[in-house]
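Student: Dropping a structure here in structure tokens format, bear with me for questions.
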Amino acid sequence: METDTDIARYMAAAFEEAEAAAAREEVPVGAVLVDVGSGAILARDGNRTRGNADPTAHAEVLVIRAVAAQRGVPRLPDCDLYVTLEPCALCAAAISFARLRRVTFGAFDEKMGAIVNGPRFFEQATCHHRPEVQGGVMADRSADLLRGFFRARRASG
């Protein structure tokens with residue numbers, strides 16, 4: 001069972017990826033995928049939509065793809081996702097299709113979030129798999145990172 005220290009470590013790794021994404025001029029969202037049994041971080045990444053010229057290159061999707069490819073399987077029920085921002089509908093679908101056990105996220109996203117906000121993807125009758133969800137973990141840090149990123153973009157024109 002994970003401890004508060006484990007959660008802090010996984011979220012810190014996700015924030016490192018979010019900050020690296022910001023340095024690449026990507027929206028600063030970072031994610032890590034963790035093996036439930038060993039506690040090992042299996043994959044970590046940040047948004048790469050601009051750099052990859054791929055609208056689906058969200059941090060969550062990238063780490064799910066990496067571990068699924070590494071294992072050669074489409075489902076990852078023994079994995080937990082830690083991400084700095086509430087996942088959007090695209091990412092919520094990927095999380096459900098991958099059968100992840102748990103999702104822990106930072107800031108709530110009133111505009112594009114799809115777990116607590118918006119379509120509430122996992123609550124729909126058409127959703128085949130509903131992971132455990134914990135939101136608002138280190139939310140202030142995530143919100144500050146995002147606000148700072150967009151403020152700087154607006155200031156630079």
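Student: How many angstrom lie between the C-alpha centres of segment 1-40 and segment 82-151?
Tutor: 14 Å
Student: Which trypsin sites (Lys or Arg not before Pro) does segment 59-157 hold that lie in a coil by DSSP with at most 11 other beta carbons within 10 Å? Can you show the working numbers first?
Tutor: Details: sites: Arg65, Arg71, Arg75, Arg99, Arg101, Arg102, Lys111, Arg120, Arg141, Arg147, Arg151, Arg153, Arg154; in loops: Arg75, Arg99, Arg101, Lys111, Arg120.
Those satisfying the criteria are Lys111.
Student: Let me ask something else about it. Return the sequence-ordered ³J(HN,Hα) values of segment 90-98 in whole Hz as given by the Karplus equation 6.51 cos²θ - 1.76 cosθ + 1.60 applied to θ = phi - 60°, using x for Gly and Pro.
Tutor: In residue order, the calculated couplings are 4, 6, 4, 5, 4, 4, 5, 4, 7 Hz.
Student: Once you have a ≥ b ≥ c as the square roots of the Cα gyration tensor eigenvalues for segment 26-157, tell me rounded if a/c is under 1.5, and otherwise prolate or oblate according to whether a/b is larger than b/c. Mind dumping the intermediate values first?
Tutor: Numbers: a/c = 1.69, a/b = 1.41, b/c = 1.20.
Prolate, since a/c reaches 1.5 and a/b exceeds b/c.
Student: Please compute the modelled spin-label separation between Leu90 and Ala155, points set 7 Å along Cα→Cβ, answer in nm with one decimal.
Tutor: In this crude label model, Ala155 to Leu90 measures out at 2.8 nm.
Student: Still on this structure: When only alpha-carbon atoms count, how far does segment 17-60 stretch along each of its three principal axes, as whole angstroms with the largest first?
Tutor: 34, 19, 10
Student: Report, in deg cm²/dmol and to the nearest 500, the calculated mean residue ellipticity at 222 nm for the chain, where each DSSP H run with n ≥ 4 adds -39500 (n - 2.57) and the sum is divided by the residue count.
Tutor: -13000 deg cm²/dmol
Student: Also: What distance in nm separates the two pseudo spin-label positions at Ser38 and Asp6, each 7 Å out from Cα along the beta-carbon direction?
Tutor: My value for the distance between the label points is 1.5 nm.
Student: Ignoring ligands and nucleic acids, what accessible area does Met138 show with a 1.4 Å probe (Å², nearest 10)?
Tutor: Surface open to solvent at Met138 totals about 70 Å².
Student: Still on this structure, I have one more. Taking loop as defined by DSSP and a crowding limit of 16 other beta carbons within 10 Å, which GluC sites (Glu not before Pro) in segment 77-135 fit?
Tutor: Here the sparse-neighbourhood loop sites are Glu110.
Student: Right, next: For the chain, give me the percentage of DSSP beta bridges that are antiparallel, rounded to the nearest 5 percent. It would help to have the intermediate numbers written out before the result.
Tutor: Details: 10 of 18 bridges.
Of all bridge pairs located within the chain, approximately 55 percent are antiparallel.
Student: Ignoring ligands and nucleic acids, what accessible area does Val36 show with a 1.4 Å probe (Å², nearest 10)?
Tutor: Counting only protein heavy atoms, Val36 exposes about 60 Å² to solvent.
The values are calculated or read from the model by the stated rules, or taken from the named source; none is laboratory data. From a predicted model like this one, the values you see are computed outputs, not experimental measurements. Neighbour counts are summed over all protein chains in view; Cβ atoms, including those assigned to glycine, are modelled from backbone coordinates with ideal geometry. Quick note on the areas: whole protein, heavy atoms, side chains included, nothing else; ligands and nucleic acids left out. Shrake-Rupley method; radii C 1.70, N 1.55, O 1.52, S 1.80 Å.
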